[in-house]
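Bear in mind these aren't lab numbers, they're just calculated from the coordinates by the rules spelled out. Because the structure is predicted, anything quoted here is derived from the model rather than measured. All Cβ positions, glycine included, derive from the backbone under ideal geometry; neighbour counts span all protein chains shown.
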Amino acid sequence: MTSVTVYGAPFSPAVSRVLACLYEKDVDFKLAPVDMAKGQHKSPDFLKLQPFGQVPAFQDELATVFESRAICKYICNKYPEKGNQNLIGGRDGGLLARTSVDQWLEAEGQSFNPPSSALVFQLAFAPMFGFKQDPAAIEQNEAKLANVLDVYDRRLGESKFLAGDDFTLADLVHLPNGHILVSKKEDLFLSRKNVGRWWEEISARPSWKKVVEMQNVPQS
Amino acid sequence: MSLIKLYGMPMATCTMRVLLCLEEVGAKYELVPISMPTGEHKSPAHLARNPFGQIPALEDGDLTLFESRAIARYVLRKFKGQGPDLLKEGNLSESAMVDVWLDVEAHQYNPAISPIVYQSLILPRMYGGTPDQSIIDTNLEKLKKVLDVYEARLSKSKYLAGDFFSLADLSHFSYTKYFMATPYASVFDSYPHVKAWWEDFTSRPAFKKVAAGMGGHQ
């Protein structure tokens, strides 16, 4: 019987980020649905968990946590012995390994996330929810993302994964938006040799495959 | 011990985030100016430190680091015990709250406040451009929604992560300081707990020192 609850649906990129981390760490959880079509994310009960009315929220016996990357760090800090022990820099890596993970986590949050999220909205969610696409926004964000991926390509020519030789949280956080963008604009990733190689590796991880399976289950 | 070198500018928002941490822990460091107007941030020498061509970057012996929030964590961990504990890594639930509210700063607060600062201060003063009022207005509405949440939070808790000052609070300083120099500063008057929080932590000695380095840019 697990005390860990994740609130939200697997199709949400931010929710799927947390699910990937839980699978990497072999931490059992239950998924509590939040019916956004009915406005449940803005209900008083949900706002107590996540005051911005966004998914995911996370709760266990010790804490209520939100912001998907903060949730992932909490899971890694709480369960250092479980599952993948290298996610935030390894047992013996010390400060330097941890710092490299933090650096590339911030690069994702500050440089990769804004243009990739804008593109995910335009290319996947706008058509899904009946919003009109904005060709100028698509073009601008694709150009920004291309610049970021050029930096990544140089880095991944020198380093197997973003933070170093091991798969870490710094790579994991890219999976949700990457997955959607590779299905819509695969050239962005796959035409860059090192980014392509990295993407094939990280998206083949069993933890991510489990999340994709959850996403493919029809939502009732 | 080698001297820490911070590459950036004393009045630049992200450089200030790191300067505050260095001052809070009393670290010895050298601030090496990087001239943005001459494109120095895109020079091969600087790209070797920060592949995104941004400031700041930090050098400590063989270590080179970029991203101000990551550099901040590094400085606070390296000098742990020398200044106030702004990360609370000895306590799972407290450190979780620091991570939460630092991400809130990065993903909710900053995206709303920085376009306002850019349009109303940086664009006209540094580049001689004209502010785009529609961008300012849209982001003021976003900022108010964020401040609604902050007001509720700070009514229950002295600082964002709990009853302790942390990196989560510190991270808000530089953009908020500039915001207070825009015509929109009075927005904060409608949020008494937020305003009190702001006034409290700007009285810290580290903040006064770093604010002084902003020169005529405040």
Notebook entry, point to check: within 29 Å of B:Val104 (Cβ to Cβ) and surrounded by fewer than 16 Cβ atoms within 10 Å (Cβ to Cβ) - does that describe any residue in the range A:107-116?
Noted result: no
Item checked: Long-range neighbours under 6 Å by Cβ, at least six apart or interchain, first residue touching a residue at least 12 places away in the same chain (Cβ under 8 Å) within the range A:139-166, second among the polar types (S, T, N, Q) -> A:Leu145/A:Ser116; A:Val148/A:Ser111; A:Asp153/A:Asn194; A:Leu156/A:Asn194; A:Gly157/A:Asn194; A:Ala163/A:Ser100; A:Gly164/A:Ser100; A:Asp166/A:Asn86
Next item on the list: Among the numbered conditions (1) within 14 Å of chain A (Cβ to nearest Cβ); (2) surrounded by 15 or more Cβ atoms within 10 Å (Cβ to Cβ), tell me where B:Gly81 comes up short.
Entry: (2)
Margin query: Checking the condition in a loop (DSSP other than H, G, I, E, B) and at the interface with another protein chain (Cβ under 10 Å from one of its Cβ atoms), which residue from B:Glu94, B:Glu89 passes?
Written below: B:Glu89
Next item on the list: Name the one entry in A:Trp198, A:Trp208 that is buried (at least 19 other Cβ atoms within 10 Å of the Cβ) and more than 13 Å from A:Leu19 (Cβ to Cβ).
Entry: A:Trp198
Note to self: Checking B:Arg49 against (1) in a loop (DSSP other than H, G, I, E, B); (2) under 22 Å from B:Phe165 (Cβ atoms); (3) of a type in the set (Lys, Arg): exactly one of these is not met. Which one?
What the structure shows: (2)
Item checked: Meets criteria (part of a strand (DSSP E or B) and more than 10 Å from every other protein chain (Cβ to nearest Cβ)) for B:Glu59 -> yes
Margin query: Looking for something of a type outside the set (A, V, I, L, M), outside any helix (DSSP H, G or I) and under 18 Å from the mean Cα position of the chain (by Cα) - is there at least one such residue anywhere in the range B:9-21?
Written below: yes
Next item on the list: Among the residues of the range A:1-22, write down those that are closer than 17 Å to A:Glu61 by Cα and outside any strand (DSSP E or B).
Entry: A:Met1, A:Thr2, A:Ser3, A:Val4, A:Leu22
Check: From A:Leu87, A:Leu62, A:Leu95, which residue is within 11 Å of chain B (Cβ to nearest Cβ), outside any helix (DSSP H, G or I) and either in contact (Cβ under 8 Å) with a residue 60 or more places away in the chain or surrounded by fewer than 19 Cβ atoms within 10 Å (Cβ to Cβ) (or both)?
Finding: A:Leu62
Margin query: Going through A:Gln122, A:Gln140, A:Gln110 one at a time, which residue ends up being touching a helix residue (DSSP H, G or I) at 6+ places or on another chain (Cβ under 9 Å), part of a helix (DSSP H, G or I) and within 19 Å of A:Asp171 (Cβ to Cβ)?
Written below: A:Gln110
Note to self: So in the range B:206-218, with the set limited to residues that are without any contact (Cβ under 8 Å) to a residue 12 or more places away in the chain and assigned to a helix (DSSP H, G or I), which one is nearest to B:Leu76 (Cα to Cα)?
What the structure shows: B:Lys208
Item checked: helices (runs of 4 or more DSSP H) lying entirely in the range B:128-186 (those with 2 or more residues that are over 17 Å from B:Tyr118 (Cβ atoms)) -> B:133-156, B:167-170
Next item on the list: Scan (1) farther than 30 Å from A:Ala57 by Cα; (2) more than 8 Å from chain A (Cβ to nearest Cβ); (3) surrounded by 17 or more Cβ atoms within 10 Å (Cβ to Cβ); (4) among the hydrophobic types (A, V, I, L, M, F, W, C) for the single condition B:Leu65 breaks and write down its number.
Entry: (2)
Notebook entry, point to check: Taking into account only those residues within the range A:36-56 that are in contact with a Gly (Cβ under 7 Å, 6 or more places away or on another chain) and within 13 Å of another protein chain (Cβ to nearest Cβ), which is farthest from A:Cys76 (Cα to Cα)?
Noted result: A:Lys42
Check: In the range B:108-128, how many residues are in contact with a Pro (Cβ under 7 Å, 6 or more places away or on another chain), free of Cβ contacts under 8 Å to residues at least 60 places away in the same chain and surrounded by 14 or more Cβ atoms within 10 Å (Cβ to Cβ)?
Finding: 2
Notebook entry, point to check: Residues in the range A:19-31: is at least one away from every other protein chain (no Cβ under 14 Å), surrounded by fewer than 16 Cβ atoms within 10 Å (Cβ to Cβ) and touching a Ser or Thr at 6+ places or on another chain (Cβ under 7 Å)?
Noted result: yes
Check: Among the residues of the range A:105-159, how many are within 15 Å of A:His179 (Cα to Cα), within 11 Å of chain B (Cβ to nearest Cβ) and among the hydroxyl-bearing types (Ser, Thr, Tyr)?
Finding: 1
Notebook entry, point to check: Does the range B:162-199 hold any residues that are of a type in the set (D, E, K, R) and either in contact with a Leu (Cβ under 6 Å, 6 or more places away or on another chain) or over 18 Å from B:Leu121 (Cα atoms) (or both), and which are they?
Noted result: B:Asp163, B:Asp169, B:Asp189, B:Lys195, B:Glu199
Notebook entry, point to check: Taking the range B:131-154 only, how many residues are surrounded by fewer than 16 Cβ atoms within 10 Å (Cβ to Cβ) and closer than 16 Å to B:Met97 by Cα?
Noted result: 1
